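> Sharing a structure here in C-alpha cells format.
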Amino acid sequence: MSVRKKLIPCHDKVLKIIQEKPITFMKLVEYSGCATETVEKYVSLYLSENKICQKKSKFRILYSPELTDNELEFYELMLNFTIKSVVLILLKSKPLSQIELVAITEKSNPSISRALRNLLDKKLIKRNYHAPFSTYEIIDKPSIFLILKNTHPHILNNYDQFDLCYPKPIIFVNSIS
C-alpha cells in the first residue's frame, strides 16, 4: 500500500509561500512547482484582492502586506550574494577587515568593497578606523536577527550550524531565499 501525499493546489501554494516570507517571482515559480502562467494568474488575483504586495526593481519581489518597509529593503539588499555573505559573516564574527572578508568569502576585493559601501549607506554596519586599516561590524545584531526571522527563516533556523571556516557561507547564499 503506497502512501499518497495530499496535493496542494497551485493557488494555495502560491499564497502560502508568499505569506511565509518575501520571495522573487522566479523563486516562487520554482518552489511552487506550478507553471509560470499559472503562478502569474494567481499572483495577479492576490494582488487585486490586496492579499499580497509586490515591489518591482531589479527583481520582482512578492511579499505579505504585514512585512515592514525595513524588512522589505533588507530582503532586497540580501538578494545580492556578496552582501548576503558579508552580513552572515559579520553576524557570526568579531569586527573584520576588508582583507579578512575577501579571504573568508572568496569574493574579489572590489566586490567586497561595493558590498561594504552598500551596507554602510544603509547604516547596517559601522566602520572602525585603526591605523593603517579599518574593520567593519554589524551595528545592531539583535535587530538583524529579528528581520531575518521574517525575511530569511531558513538562515535563522540554521544559523547555529554556520561556521566561518566550514561550511562556507555559500550554503546559506544558495539556499531557499
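> Determine, at each q value in 0.10, 0.13 (inverse angstroms), the log₁₀ of I(q)/I(0) that the Debye formula gives when each Cα of the chain is one equal point scatterer.
-0.45, -0.71
> What's the magnitude of the charge dipole for the stretch 20-177 around its Cα centre, counting Lys and Arg as +1 and Asp and Glu as -1 at the beta-carbon? Answer in Debye, nearest 20. Please report the intermediate quantities before stating the final value.
On the way: 21 positive and 17 negative charges, 86 e Å.
Computed charge dipole of the stretch 20-177: roughly 420 debye.
> Now for a separate question. Based only on other Cβ atoms within 10 Å, what is the fewest-to-most ordering of His11, His154? Display every interim value, and only then the final one.
Working: His11 16, His154 13.
So the ranking, lowest neighbour count to highest, is His154, His11.
> Taking the number of other C-beta atoms within 10 Å as the exposure measure, put Leu119, Leu146 in order starting with the fewest.
Values: Leu119 21, Leu146 14.
Listing Leu119, Leu146 from fewest to most nearby Cβ atoms yields Leu146, Leu119.
> Just the projected area, averaged over all directions, of the convex hull on the alpha carbon atoms of the stretch 10-67: how many nm²? Display every interim value, and only then the final one.
Values: hull surface 13.7 nm².
Taking a quarter of the hull surface, the average projection is 3.4 nm².
> For the pair Glu106/Ser143, report the inter-label distance in nm, with labels modelled 7 Å from Cα in the Cβ direction.
Result for the modelled spin labels: 3.4 nm.
> Name the residue, out of Gln54, Gln19, Gln161, whose mean-square fluctuation peaks in a Gaussian network model built on the chain with Cα pairs under 10 Å.
Among Gln54, Gln19, Gln161, the largest GNM mean-square fluctuation belongs to Gln161.
> Another question about this same structure. How much net charge surrounds Cys34 when only other residues with a Cβ under 13 Å from its Cβ are counted (Lys, Arg +1; Asp, Glu -1)?
Working: positive: Lys13, Lys16, Lys27, Lys41; negative: Asp12, Glu30, Glu37, Glu40.
Local charge sum for Cys34: 0.
> A further question on this structure: If neighbour count is taken as other Cβ atoms inside 10 Å, put Ser57, Ser134 in order from fewest to most.
Numbers: Ser57 8, Ser134 15.
Lowest to highest Cβ neighbour count: Ser57, Ser134.
> So which GluC sites (Glu not before Pro) in the stretch 1-73 pass both tests, a DSSP loop state and at most 12 other Cβ atoms within 10 Å of the Cβ?
Numbers: sites: Glu20, Glu30, Glu37, Glu40, Glu49, Glu66, Glu71, Glu73; in loops: Glu49, Glu66.
Answer by residue number: Glu49, Glu66.
> Now a separate question. With springs connecting C-alpha atoms under 10 Å apart, model the chain as a Gaussian network and identify which of Leu45, Leu156, Leu67 has the largest mean-square fluctuation.
Ranking Leu45, Leu156, Leu67 by mean-square fluctuation puts Leu45 first.
> Here's something else I'd like to know. Can you list the lysines whose alpha carbon sits under 25 Å from that of Lys126, skipping same-chain ones fewer than 8 residues off?
Lys84, Lys92, Lys94, Lys107, Lys141, Lys149, Lys168
> Another question, if that's okay. List the relative contact order of the stretch 8-131 as a percent without decimals, with contacts defined as Cα pairs under 8 Å and 6+ residues apart.
Working: 104 pairs, mean separation 22.4, N = 124.
Relative contact order for the stretch 8-131 comes out at 18 percent.
> Quick one: 3J(HN,Hα) in Hz for the stretch 102-117, Karplus 6.51/-1.76/1.60 with θ = phi - 60°, rounded, Gly and Pro as x.
Karplus values, whole Hz, x for Gly and Pro: 4, 5, 6, 7, 6, 9, 6, 4, x, 5, 5, 4, 5, 4, 4, 4.
> Have a look at Val102, Leu120, Ile155 and report the one farthest towards the positive end of the charge dipole of the stretch 76-173, computed about the Cα centre with Cβ charges (Lys/Arg +1, Asp/Glu -1).
Leu120
Values in this text are rule-based calculations from the coordinates and carry no lab data. If you're wondering where the values come from, they're calculated on a predicted model, not measured in any experiment. Cβ coordinates were reconstructed from backbone atoms using ideal geometry, including for glycine residues, and neighbour counts include every protein chain displayed.
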